[in-house]
Each structure stands twice: as structure tokens, then as C-alpha cells.
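Student: Let me begin by handing over the structure; questions about it come next.
The values are calculated or read from the model by the stated rules, or taken from the named source; none is laboratory data. Since the model is a prediction, treat every value here as computed from it, not as a measurement. Using ideal geometry, Cβ is built from the backbone for each residue, glycine included, and neighbour counts are taken over all protein chains shown.
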Amino acid sequence: MDHTRPAAVSGSFYPDDARALRAAVDACLRQARPGDGHAGAPKLLVVPHAGYVYSGPVAASAYALLAPLRGVIRRVVLLGPVHRVPLQGLALPVAGSFETPLGRVPVDEGARAALQGLPQVTASDRPHAAEHALEVQLPFLQAVLGEGWTLVPLAVGDATPEQVDEVLERLWGGDETLLVVSSDLSHYLPYEQAQERDWHTVQRILACAQDLHGDEACGAAPLNGALRAARRHRLVPRLLDLRNSADTAGGSAARVVGYGAVAFDAAPQARGEQQALGHALLSVARAEIAQALGLEAPTPVLHPRLHERAASFVTLHDARGQLRGCVGQLEATQALGEDVRRHALGAAFGDSRFQPLTAAEWPGLDIEVSVLGPLQPLPLAATLDDAAALLQPGVDGVVLAWQGRRGTFLPQVWQQLPKRRDFLRALLRKAGLSPDFWDPGIALWRYGVTVYQEPRHERTH
């Protein structure tokens, strides 16, 4: 166990020079997408494993979450598929460390002892020798976690979800242990087909399904087992990024590979984090409107996420439940707290569809804050029906743009317009176009939101 598994794909999947590699990883992390409006300490990450020019930006959206956990995470359990060597079960290497141009990472010896006696786990260097699925994750982990952590590298071949889950249960640990599953999504489909398949695959990952196939995710075997464990431990998933090789590296859209990044948080922590953030956001919005009305303003609740850059919408409803104002923006340009303050005032006094809010309406006012995830472009569609077929009812916020005209609907609008065609026709109308108009040059984007609403008994009148 004193020998080192050397880097096998440096110089091809990522730079073989330490300085160039560090620069490439740092560039991906700096440009990482902000996810879906959450913050927290993930227990499980799903990340892609292609060359950095292709999948690096998507993987970085997951690894960027780990920066605050440097010194907290001391062990990483890393699972990925085998691409070159047939394997029954899972293989833990005999090697005592893994090497990249950024240095060596020791293999966790305690994990060897923990896995002894499991028939599905063998000790072998052969499945790891030329495998890239695990190796490409290491420079990202080295960059965000620094030194002082150990690795449990598991190559996964023909293994059932139950077998993988049993392994993970022995290694689960606490906050010091992070689980990472390495998997790309669809392979070599045309762009539009890849987008559709990958979106449906991601929805099943978010639902913790355990029946993924290799044509949907090349890491289906480790992923199915991890999803079984995630469901059992009641982890809460969130989609961070979903793109393909044509989106990240350009080139032909005729044959692309799909990449997704998903984080799973521990349920109590995630729930508590969401509740605390929601309470703070709603208190900020309510205080801002009350102060503008000359009323006694409740003291805003503090939360560290208010200082992070994010995009939001603030929506108001009157005592009858009717829309009273909705203002926001699609891309993050300022701190979340300032964004909500500005849009709370805009929704109350600056929405051109309504008269400014009055003090008489204050007692029955409902406030809702939506924190937006990243915009994801949809393929161009030849017809309105083709475009409608791309939408996910109840899930997608949608942006539509054509020749300077632009409109958006939050996902909440699906409650009033549950049919795709009706939803899209109404969005065309909102953008100032005829509801029956369509042009193949119309651009569409989807995005997700996290919605925070205040219970009636918590309002300050």
C-alpha cells in the first residue's frame, strides 16, 4: 500500500502542468453558476467527468459549494464507473495514494477496514490504472479543500443499487465525510434530443429514482446506489447546472455529451436553512414596504445569505388573493437583501399594471419572494407547438425574447395556466406579441426558483 497511483489522463483531460492546471480549475470555479438560490453544506454531489474544456464549468458549480467547508471535510468517498476494464462489484485500489500535478492525496486506511468482509468490494489497482472518471475530480477537490483530507476511491462496475448503498452506509460518517458520484449524462445524441433526455434524467435524479440506465448516465451503477442512500437518509436534492458539450465548448451540435451537477443536502439542515433564509427575506420585503407607507416597520431579520449575489422576484397579492404587483430581475447583479428591498418597493409602488399600494391594503397583503436559479437556454423551435413541447409544466420559469421584446413567467404561473400551449401563448402576449405569433428565431430560456411565502399568523399588521 506504499505505492502511488500516478495521474493517467493529465495532459489530455486537463493540463499536466501544475500552474496551468491550478489556473484552469480556478477559472472554472470563478465562473461557477450560482445554483438555485440555496446555500448549505452538501453531503452528496453528482458531477461530470469529461475533459475540463467540456465539463469543467458544470463540475465547478458543485465544487464551488465546498469552499466554506475547507477544514471541515476530511474524507471524500469518490465513486465512478469503469470505462476500460470489466468489473464485478466495486474496486478499492491497493495503492496508498493518488497523484495529480497538484500533489498526492492519501487513500483513507480506515475505509479499508470498514469495507472488509463485503463480498462486492475487491482490492485491485487494475480498474483504476487508466480510469479517468475519478481522476478528473481530484484537482477540483484539491483546489477547494486544500490539504488534510483523505480519499476513498471506488471504481464501480456491475453492481446493484443495494450493493453500492451497503458500501456507502459503512462510509457515511458525519460532516467530515463528503460523497461524490462521477457521471456524465447522454452520449452523442443531437443537441435537442440530448437536452430533452438529460432534462428527464435529471428529474429522476432529483426524485431519487434508482433505475437509471447507462444510455442516460454512464455512471448509472454508482448513481443508482447513491440515490438509494440519499432517499433513505432523506437528503434534499438541488439542480446546480445542466448543459452539454455544445453549450460549454461549442462545436457541432450533431453529437453532444450531457453534463449535470446536483447537490444533496442533509434534510434537517437544508430545511432549517431554507426556513431561516425565507424568514429573513420576507421580513426585509415587509419592512421596506411598511416603511415606505409610513407604517411601523418590523425589524428585518439578519441572515448571511442576504449579502450574497442573487436574483429575485417579489410578488404581492391582496386580501382576495388577486395579484397586486410583481417585480424582479432574471440575473444576479447585487446582494440578495438589496435585490429584495428594491423589488419589494417596485412591486408595491412601481408595477405599471397597478395603482401604488395604499396603507389601507396593508393588513391583507400577501408577500412572496422567489429566488431564481440560472437561466438555461432551450433549443430554437420551428413552431409554437414545438416550443411548448420543450416546457416542463409546474417546474419551469420561462423567458421569451424576440427582436427586443421580452417577457417572463415564474413557475407559479403554471397554477393558472397548466397547459403548455396556453402558458406559452400568454407569455407571447406579455412580451407584446400576438398569442398566435411564432418565429423560429424566438429565444427561450428556462429557470428554477425557490419560493418563500409567509404564513398569515406571522404577519405584522
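Student: Out of curiosity, is ALA266 more than 18 Å from the chain's Cα centre (by Cα) and either more than 20 Å from HIS49 (Cα to Cα) or among the hydrophobic types (A, V, I, L, M, F, W, C) (or both)?
Tutor: Spelling it out, it is not the case that ALA266 is more than 18 Å from the chain's Cα centre (by Cα) and either more than 20 Å from HIS49 (Cα to Cα) or among the hydrophobic types (A, V, I, L, M, F, W, C) (or both).
Student: Confirm whether VAL152 is surrounded by 20 or more Cβ atoms within 10 Å (Cβ to Cβ), in contact with a strand residue (DSSP E or B) (Cβ under 9 Å, 6 or more places away or on another chain) and either more than 24 Å from ASP241 (Cβ to Cβ) or aromatic (Phe, Trp, Tyr) (or both).
Tutor: Answer is yes for this residue.
Student: Right, another one. Checking the condition closer than 24 Å to LEU400 by Cβ, of a type in the set (D, E, K, R) and in a helix (DSSP H, G or I), which residue from ASP351, ASP339 passes?
Tutor: Among ASP351, ASP339, only ASP339 is closer than 24 Å to LEU400 by Cβ, of a type in the set (D, E, K, R) and in a helix (DSSP H, G or I).
Student: Can you pull out the residues in region 138-169 that are closer than 14 Å to ALA226 by Cβ and not hydrophobic (A, V, I, L, M, F, W, C)?
Tutor: THR160, PRO161, GLU162, GLN163, ASP165, GLU166, GLU169
Student: Looking at GLY225, GLY173, which is the one that is in contact (Cβ under 8 Å) with a residue 24 or more places away in the chain and in contact with a Pro (Cβ under 6 Å, 6 or more places away or on another chain)?
Tutor: Within the list GLY225, GLY173, the selection yields GLY225.
Student: Further, regarding this structure: State yes or no: is VAL85 touching a helix residue (DSSP H, G or I) at 6+ places or on another chain (Cβ under 7 Å), surrounded by 23 or more Cβ atoms within 10 Å (Cβ to Cβ) and not basic (Lys, Arg)?
Tutor: When the stated conditions are applied, VAL85 does not pass them.
Student: Collect the residues in region 367-400 that are assigned to a strand (DSSP E or B) and under 24 Å from PRO190 (Cβ atoms), keeping them in residue-number order. Spell out how you get there, then give the answer.
Tutor: First pass over region 367-400, keeping only residues assigned to a strand (DSSP E or B): 367-372, 376-377, 397-400.
If the condition is that a residue be assigned to a strand (DSSP E or B) and under 24 Å from PRO190 (Cβ atoms), then GLN376, PRO377, VAL398, VAL399, LEU400 are the ones that fit.
Student: Need at least 1 residues that are within 22 Å of VAL257 (Cβ to Cβ) per element, so show me which strands (runs of 3 or more DSSP E) inside region 40-102 make the cut, counting only ones lying wholly within it.
Tutor: Here the list reads 42-47, 75-81.
Student: Just a yes or no: is a residue in region 216-225 at pLDDT below 95, in the same structural domain as LEU78 (by TED's automatic domain parsing) and more than 18 Å from SER61 (Cα to Cα)?
Tutor: So far as region 216-225 goes, no, none of its residues is at pLDDT below 95, in the same structural domain as LEU78 (by TED's automatic domain parsing) and more than 18 Å from SER61 (Cα to Cα).
Student: Here's another thing I want to ask about it. Restricting the search to region 311-336, which residues are closer than 22 Å to ALA401 by Cβ and in a loop (DSSP other than H, G, I, E, B)? Let's see the steps before the verdict.
Tutor: Step one: list which residues in region 311-336 are closer than 22 Å to ALA401 by Cβ, which gives 311-313, 315, 326-333.
Hits for region 311-336 are ALA311, GLN329, LEU330, GLU331, ALA332, THR333.
Student: Could you please give the count of residues in region 335-358 that are in contact with a Leu (Cβ under 6 Å, 6 or more places away or on another chain) and farther than 13 Å from GLU288 by Cα?
Tutor: Qualifying residue count, region 335-358: 1.
Student: Then there's this: When you go through ARG429, ARG406 one by one, which is the residue that is free of Cβ contacts under 8 Å to residues at least 60 places away in the same chain, part of a strand (DSSP E or B) and either surrounded by fewer than 18 Cβ atoms within 10 Å (Cβ to Cβ) or among the acidic types (Asp, Glu) (or both)?
Tutor: So the residue among ARG429, ARG406 that is free of Cβ contacts under 8 Å to residues at least 60 places away in the same chain, part of a strand (DSSP E or B) and either surrounded by fewer than 18 Cβ atoms within 10 Å (Cβ to Cβ) or among the acidic types (Asp, Glu) (or both) is ARG406.
Student: Another question, if that's okay. State whether the residues of region 339-357 include one that is loosely packed, with under 15 Cβ neighbours inside 10 Å, polar (S, T, N, Q), assigned by TED's automatic domain parsing to the domain that holds LEU316 and touching a residue at least 24 places away in the same chain (Cβ under 8 Å).
Tutor: No - not one qualifying residue is present in region 339-357.
Student: On to the next question. Working carefully through the options LEU69, LEU78, find the one that is modelled with pLDDT under 95 and either touching a Phe, Trp or Tyr at 6+ places or on another chain (Cβ under 6 Å) or under 29 Å from ALA266 (Cα atoms) (or both).
Tutor: LEU69
Student: Just one of ARG255, ARG231 is out of contact with any Pro (no Cβ under 8 Å at 6 or more places or on another chain) and surrounded by fewer than 18 Cβ atoms within 10 Å (Cβ to Cβ); which is it?
Tutor: It is ARG231.
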